[in-house]
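Readers should treat all values here as calculations from the given coordinates under stated rules, not as data from a laboratory. Note that this is a predicted model, so its numbers are computed, not measured. When we count neighbours, we look across all protein chains shown, and the Cβ atoms used for this are built from the backbone with ideal geometry, even at glycine.
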Amino acid sequence: MRIVYVLILFFLGFNSCKDFEKKETEKKVTPLVTAITSPAEKNSSLPFLFSDGKKLLLSWVEKENDSVIQLGYSEFSKGEWQPAQDILQGNDWFVNWADFPAIAENNGNLISHVLKKSSAGTYSYDIKLNLLPEGEKEWKTNLPLHTDGTPTEHGFVSVLPYKEGFFITWLDGRNTEEDENGNRGAMTLRAAEVSVTGQVRNETELDARICDCCQTTAVITANGPVVMYRDRSEDEVRDMSIVRWDNGSWTTPQTVYQDNWQIKGCPVNGPKASGLGNTLSMAWFSAANESPKVQVIFSADGGANFDTPISISENNPLGRVDVFLLDEMSALVSWMESQDGVAQLKAVKVNRDGTKGEYHIISEMDASRQSGFPQMERVGDAIYFAWTEISPTSSQVKMASAEVKRF
């Protein structure tokens, strides 16, 4: 009997251990991200996320038919997206997979933009602002940002809350209009301040020759605004540059890091930056020497000087990067990467000393241009992701979140 009793205890203990191991295994495979119901319905695409650390906004576009486009937005509140709100619609917009509307907020005042065709030409469109001042119910739409009046390209906008209004930077093609001799100038980088009612002030040219169709990115540091972008030298080297507001004026453009990527066409793959005080981080894509890679770099003095770049991915990355500073010594970087014919949205925590955390797959995606540029923002202890999911018959903005500590 004693032997039987001992055997029973052994098997009970063995099964208990198996149950414990099973529970531990289940705990370890808990998904990193949690899906969030998107406020955007079918036929939606081109999401843009904005956060001031407390408030989270999402804008997107929806196709109603072959010619009408709707710009909508929503606010994330009490753990869910609020009902979608319309900003405006149009049938004369320029809608591009890499150059899409954005939204921002400053003390209850909202701003967004669209690209509106300015002539019958394919690549002639203006940036039009839409503003919703605090306390008002109707958007003020189609307000001008620039007044050069040329039928050329204007776009790739970055907008941030600044002072009592907004800081905006963009690519401006006014000098690319062909003159009487058939000559064309270069794409330029410009910036301005915009009030909450649409008055444009302090418009200025920041760089007279830049890459034609890569996104801009901007950060408000303790010293003032800084703008980072893909530059363009006379011999077609297209590396990342920075312009800073310093002691009451803009600095001359400076190269952030010399990849020496010489390419005759625009790669349509701009940088993203994040700031905290005078600490900056910037992520970018380069394919210099036919070696595609994603890198991130840190600055402790508002962009006057930068550390050595840290390689994030050299495993067939597609770029389409985003970055968010977690603190003065670490950042979260996201990017797209192609694995066995399938694109993945990935993210990793990287420290300023070069050490990195575990690489995480946020979602599988379509690798085509239709999937656009994934978005990433932080609110409190959570990171939010947004991207476009492509199906054979439609598209839809999808979303997920993850706890910061999980990275």
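If you fit an axis through the alpha-carbon atoms of helix 2-28 and take the longest principal axis of the Cα set of the chain, what angle between them do you get, 0 to 90°, nearest 10?
It is inclined by approximately 0 degrees.
Report the one residue of 273, 87, 361 whose Cα lies farthest in the direction of the positive end of the charge dipole of the chain (charges on C-beta: Lys and Arg +1, Asp and Glu -1; origin at the Cα centre).
361
Setting aside same-chain residues fewer than 8 positions from residue 54, which aspartates and glutamates have a Cα under 12 Å from its Cα?
Partners found: 75, 105, 377, 381.
Binning every alpha carbon pair distance of the stretch 232-281 at 5 Å from zero, what are the percents per bin?
Reading the bins upward from 0: 4, 16, 22, 24, 16, 11, 5, 1.
First select every other residue whose beta carbon is under 10 angstrom from the beta carbon of residue 283; then total the charges, Lys and Arg +1, Asp and Glu -1.
Once positives and negatives cancel, what remains is 0.
Sort 341-349, 390-398, 222-230 by the packing proxy (mean of other Cβ within 10 Å over each peptide's residues), most packed first. Please list the in-between numbers first.
On the way: 341-349: 18.2, 390-398: 15.0, 222-230: 22.3.
Highest mean packing first, the order is 222-230, 341-349, 390-398.
Cross-link list 78/405; 116/293; 293/398; 63/163: which exceed 29 angstrom alpha carbon to alpha carbon? The partial results should precede the final answer.
Values: 78/405 21 Å; 116/293 34 Å; 293/398 26 Å; 63/163 35 Å.
Beyond 29 Å between Cα atoms: 116/293; 63/163.
Report Rg(Cα)/(2.2 N^0.38 Å) for the chain, keeping two decimals.
Details: Rg = 23.6 Å, N = 407, 2.2 N^0.38 = 21.6 Å.
Normalised Cα radius of gyration, the chain: 1.09.
Would you compute, from DSSP H runs of 4+ residues alone, the mean residue ellipticity of the chain at 222 nm, taking -39500 (n - 2.57) per run and dividing by the full residue count, rounded to the nearest 500? Write down the numbers at each step before the final one.
Values: 1 runs with 27 residues, N = 407.
Roughly -2500 deg cm²/dmol at 222 nm, from the helical runs in the chain.
Please list 3J(HN,Hα) in residue order for the stretch 175-187, calculated via the Karplus relation 6.51 cos²θ - 1.76 cosθ + 1.60 where θ = phi - 60°; whole Hz, with x for glycine and proline.
7, 8, 5, 5, 8, 5, 9, x, 8, 10, x, 9, 5
Stokes-Einstein D for the stretch 84-160 at 37 °C, 0.692 mPa s, Kirkwood Rh over Cα pairs, in µm²/s? Spell out each step's value before the answer.
On the way: Rh = 13.2 Å.
Translational D for this selection: 249 µm²/s.
Dipole size in debye (nearest 20) for the chain around its Cα centre, Lys and Arg Cβ +1, Asp and Glu Cβ -1?
On the way: 39 positive and 56 negative charges, 291 e Å.
The calculation lands at about 1400 debye.
Using modelled amide H (1.01 Å from N, peptide plane; none on Pro or chain starts), what sits under 5 Å from the amide H of residue 259, excluding residues fewer than 5 places away?
Placed amide hydrogens put 240 under 5 Å from residue 259.
Relative contact order for the stretch 242-317: what percent, with Cα pairs under 8 Å and sequence separation of 6 or more? Write out the running numbers ahead of the final one.
Details: 122 pairs, mean separation 16.6, N = 76.
Value for the stretch 242-317: 22 percent.
Can you list the residues, at least 5 places off or on another chain, whose amide H is less than 5 Å from the amide H of residue 339, using H built in the peptide plane?
344
Return the loop-located GluC sites (Glu not before Pro) in the stretch 114-180 (DSSP other than H, G, I, E, B) with at most 10 other Cβ atoms within 10 Å of their own Cβ; answer none if there are none.
On the way: sites: 134, 136, 138, 153, 164, 177, 178, 180; in loops: 134, 136, 138, 153, 164, 177, 178, 180.
Sites meeting the loop and neighbour criteria: 138, 178, 180.
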